[in-house]
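The structure appears below as structure tokens.
Here, each number is a calculation from the coordinates, and none is a lab measurement. Note that this is a predicted model, so its numbers are computed, not measured. Cβ placement follows ideal geometry from the backbone for every residue including glycine, while neighbour counts extend to all protein chains displayed.
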Amino acid sequence: MILVVGATGNIGGEVAQLLADKGSPLRVLARDVSKASAQFDDSVEVVQGDLRDPFSLPAALDGVEKVFLVTPLALDQVAMKNTLIDAAAGAGVKHIVMSTGIGAAPDAPVQFGRWHGENQERLKQSGMDWTFVQPTFFMQNFLMSAPTIADHGAFYLPLGEASPVSWVDARDIAAVAATALTEPGHEGQAYTLTGPQAVTCEQIAEAMGEIFDTPVRYVPVSSEQAAASMLEMGMPEPLVQAMNELYALGPPGYLADVAPTVADVTGRPARDIRTFLTDYRQAFI
């Protein structure tokens, strides 16, 4: 039995669907059972549980051999993941595949990297087998800009000018995770995941214009402007600061490296930005 934690998100939902398509015995942990149940057919068992409530986890982990673990951005994301790791170890789980982030380590230069690094160390010390999937920026993050693209023909990011980033499709992250959960040989691996090439926001805007059949502009904004926007959306200030640390890695070129991991693990190339934009076109127009 495989338990997927985070199945209502971009990565976890795709992992669960891929596992269901493979016919893997599958259970999904969800705070909102009705929401998760509506996402999958009857072959997927949905159980109620909350990473903020350790007492809700033993029943969900009963009979589980492998877990996929991802959490949303939250101030207590380290505690949530550690709660699941500890509960899984106590329940006899053999292998956890965990989504963290590119460059994750206890001494990472950015806060998110250190948070992910703390969870990685906890899992390494748990006695269970582990696999880390460590993605760069998700292409699906552009979906948050769909309203401004539709209304104003523009998207706004604090990534400077001509800053290449090797954006990765969340579906490819999920494909690597699903492979690690269902095939041997991925234990003890930390997989850096990127797209097939690094592209600038200007190049992405040009591709959007061609694929959406309407002009789209990229407007670089300052970190202060980005912070004000995130705060207005209700994001806690520490998370805003952590997000701006990530964005600041773009202009110096720290997010431009390309890794062949998706192809190496899954046997097929990573999706490029044009494929993503074509597949999600309706969401933008």
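Tabulated data
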item: Kirkwood-type radius of segment 92-148, with distances r between different C-alpha atoms, in Å; result: 12.6 Å
item: Protection-proxy order for peptides 230-240, 61-71, each taking the mean of Cβ atoms within 10 Å per residue, highest first; result: 61-71, 230-240
item: Relative contact order computed over the chain (Cα-Cα under 8 Å; 6+ residues apart), in percent; result: 18 percent
item: Point-to-point label distance, D32-A283, nm (Cα→Cβ direction, 7 Å offset); result: 1.7 nm
item: Long-range HN-HN contacts of V165 with modeled amide H, under 5 Å; result: V199, T200
item: Where N is the number of residues in segment 132-176, Cα Rg divided by 2.2 N^0.38 Å; result: 1.35
item: Inter-label distance for D76 and D62, nm, one decimal - labels placed 7 Å from Cα along Cα-to-Cβ; result: 2.5 nm
item: About the Cα centre, charge dipole magnitude for the chain (Lys/Arg +1, Asp/Glu -1 at Cβ), debye; result: 320 debye
item: For A190, residues with placed amide H under 5 Å, excluding near neighbours; result: F132
item: Extension gain (nm, one decimal) between D50 and Q203, 0.36 nm per residue minus Cα-Cα; result: 51.0 nm
item: Degrees separating the helix 77-91 axis from the principal Cα axis of the chain, which is the longest one; result: 20 degrees
item: Added length on full extension, which subtracts the Cα-Cα distance from 0.36 nm per residue, E161 to E121; result: 10.8 nm
item: Nonlocal Lys pairs with alpha-carbon distance under 22 Å, the chain (8 or more apart, or different chains); result: 9
item: Nearest 10 degrees, 0 to 90: helix 170-182 Cα axis against the chain principal axis; result: 20 degrees
item: Alpha-carbon centroid distance for the pair segment 44-99 / segment 208-275, whole angstrom; result: 28 Å
item: Which of L239, A190, S43, positive extreme of dipole for the chain (C-beta unit charges); result: S43
item: Of every Cα-Cα pair in the chain, the percent that sits beyond 27 Å; result: 41 percent
item: Contour minus Cα-Cα distance for Q241 and D42 (0.36 nm per residue); result: 67.5 nm
